[in-house]
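Only one structure is covered here, and it is reproduced in the block below.
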Amino acid sequence: MQFKDIIGQDYLKEMLVKAVDSGRISHAQLFSGESGYGVLPLAIAYAQYINCTAKSNGDSCGSCPSCIKMKDLVHPDIHFVFPVNSAEKSSANKATSVNFLPQWRSIIKKSGGYFTEQDWYDKIEIGNKQGMISRLEADEIIKTLSFKSFEAEYKVMFIWMPEKMNIAASNALLKLLEEPWDKTLFLLISSSSSKLLKTINSRAQEIAVPRIDDSAIIANLKLCGVSSSRVEEIAHISCGNIIRAKESSKFGDNSSEGENFELFTQLMRHSYNDKHMELLEWAEVVAALGREEKRSFFSYSIRLLRESYMMNAGLSSITYLYGEERAFCNKFSPFIGNHNIENLVTELELARAQIAQNGNPKMIMAHMALVISKQIVKK
């Protein structure tokens, strides 16, 4: 993966290139930011540039032996660790990252490195279980890095989502993170760096990856064939997250938007009027939707709540609402303010996460609807 493959982030690319060219490569670096900002692909491109033998014009060459192996993620001196688990009830054979390398290579090649934690769990089919990085994994990291490099100047250990390390794993790696072997590089890629142990954070140089510029998202969406009449709106509502932007473009046709709008307005009207029986009936309807349709509804609802909040704050001029959406939110916005916007969005995000974890959709949607109804208070 080369820097030219990364969407946006021009400033960071330039900064990383200058650091390598001047020989300033910290032995432990923490790339932090939302998955949709391109944190993982940026780190991969950085590692490829470091070990490229024919760098030119601020990028790796893409054709030297090192780059060719990096393209297929089979370089013998590049190692990946990520949260895993097994759907099997038996714990006789504990899962480690090496057991899932084929799936890891597959999801990166298919997505370009732009995928979420839940996308990964779906890929490895762990059901209701959550991924983790265990002490056994930490021992494997230490063992792997103790060997001499095969051919590259730097051995690189990627730890994707280090916040999923348990306490034992974190403590086992502390000394190595502080005093690694020569020419050994740790690249930690985190979407929630605040959840890392302070002792881990203090041992790594943090590189905060910001949201992607709207212009870069617009250009990428056009390359993907998204209608030019919609790309500006999609870029705006994605908040610099290319995963969210592509999800919005996928479900942004008139029929799906119309269905989401109808479901959203029903939820808010029933909540406003305290119609609990109608809310439970509504929950039954939404629970019967497919997973992707539910995911689309959650994203759409969060967007309309945020746009309503902006209207209530007197910022209608920078909202992206049209037609029926604008008409409804204009009347609805007085009920969305500082007193409830956080709680409403949190509840929707919680329900989305629970659905993604294969929770009971009827129970989740019913609970969410009733909690939301308490937040919509008549004035």
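Here the stretch 274-310 and the stretch 91-148 have alpha carbon centers that stand 33 Å from each other. Here the extension length gained between residue 57 and residue 110 equals 16.4 nm, from 0.36 nm per residue of separation less the Cα-Cα distance. The fraction of all Cα pairs in the stretch 321-379 landing in successive 5 Å bins from 0 to the largest distance is 4, 17, 21, 19, 18, 14, 7, 1, given as whole percents. In the chain, the longest principal axis of the Cα atoms and the axis of helix 101-111 are about 60 degrees apart.
Reducing the stretch 316-356 and the stretch 1-67 to their Cα centroids gives an inter-centroid distance of 38 Å.
Residues in the stretch 70-86, backbone N under 20 Å from the label point at residue 136 (7 Å along the Cα-to-beta-carbon vector): list them, ranges by number please. Residues 80-86 qualify, since their backbone N sits under 20 Å from the label point.
What is the magnitude of the charge dipole of the stretch 251-375 about its Cα centre, with +1 placed on the Cβ of each Lys and Arg, -1 on the Cβ of each Asp and Glu, and no other charges, expressed in debye to the nearest 20? Intermediate results must be reported in sequence, preceding the final value.
Working: 12 positive and 16 negative charges, 56 e Å.
Roughly 280 debye for the stretch 251-375.
Largest mean-square fluctuation among 126, 318, 68, in a Gaussian network model of the chain whose springs join Cα atoms under 10 Å apart, belongs to 318. In this structure, the amide hydrogen of residue 60, modeled 1.01 Å from its nitrogen in the peptide plane, lies closer than 5 angstrom to those of 3, counting only residues at least 5 positions away or on a different chain.
So how much slack lies between residue 166 and residue 224, counting 0.36 nm per residue of separation and subtracting their Cα-Cα distance, in nm?
Additional length available on full extension: 17.0 nm.
Sites listed here are trypsin sites (Lys or Arg not before Pro) in the stretch 1-93 whose DSSP assignment is loop and whose Cβ has at most 11 other Cβ atoms within 10 Å: 24, 89. Here the spin labels are modelled as points 7 Å beyond Cα on the Cα-Cβ line, and at residue 123 and residue 342 they lie 3.4 nm apart. For the chain, the dipole from Cβ point charges (+1 on Lys and Arg, -1 on Asp and Glu) about the Cα centre works out to 500 debye, to the nearest 20. Whole-percent P(r), the stretch 251-375, all Cα pairs, 5 Å bins from 0: 2, 11, 22, 25, 22, 13, 5, 1, 0.
May I ask what percent, to the nearest 5, of DSSP beta bridges between residues of the chain are antiparallel? So the antiparallel bridges in the chain amount to around 10 percent.
Remark: the residue 360-residue 72 segment gains 99.8 nm on full extension, using 0.36 nm per residue and subtracting the alpha carbon distance. Considering only GluC sites (Glu not before Pro) in DSSP loops that have at most 15 other Cβ atoms within 10 Å, the longest stretch of the chain without any of them is 154-379. Close Lys pairs in the stretch 1-107, defined as Cα atoms under 30 Å apart and 8 or more places apart or on different chains, number 15. Calculated [222 nm] ellipticity per residue, helices only, for the chain: -16000 deg cm²/dmol; basis is -39500 (n - 2.57) per DSSP H run with n ≥ 4, divided by all residues, nearest 500.
So if R0 is 45 Å, what FRET efficiency would residue 181 and residue 353 give, r being the distance between their Cβ atoms, rounded to the nearest 0.05? E(calc), rounded to 0.05, equals 0.70.
Sparsely packed loop sites in the stretch 300-379 (the chymotrypsin sites (Phe, Trp or Tyr not before Pro) outside DSSP H, G, I, E and B with at most 10 other Cβ atoms within 10 Å) comprise 322. Among the chymotrypsin sites (Phe, Trp or Tyr not before Pro) within the stretch 155-212, those in coil by DSSP and having at most 16 neighbouring Cβ atoms inside 10 Å are 181.
What FRET efficiency would be calculated for the residue pair residue 22, residue 272, taking the C-beta separation as r and a Förster radius of 56 Å, to the nearest 0.05? Before the final figure, lay out each step's value.
Values: r = 60 Å, r/R0 = 1.07.
It comes out at approximately 0.40.
Computed from the coordinates by the stated procedures, all read-outs in this text should not be read as laboratory data. Note that the structure is predicted; figures quoted are calculated from it, not measured. Counting neighbours? That spans all protein chains shown, and the Cβs are built from the backbone with ideal geometry, glycine included.
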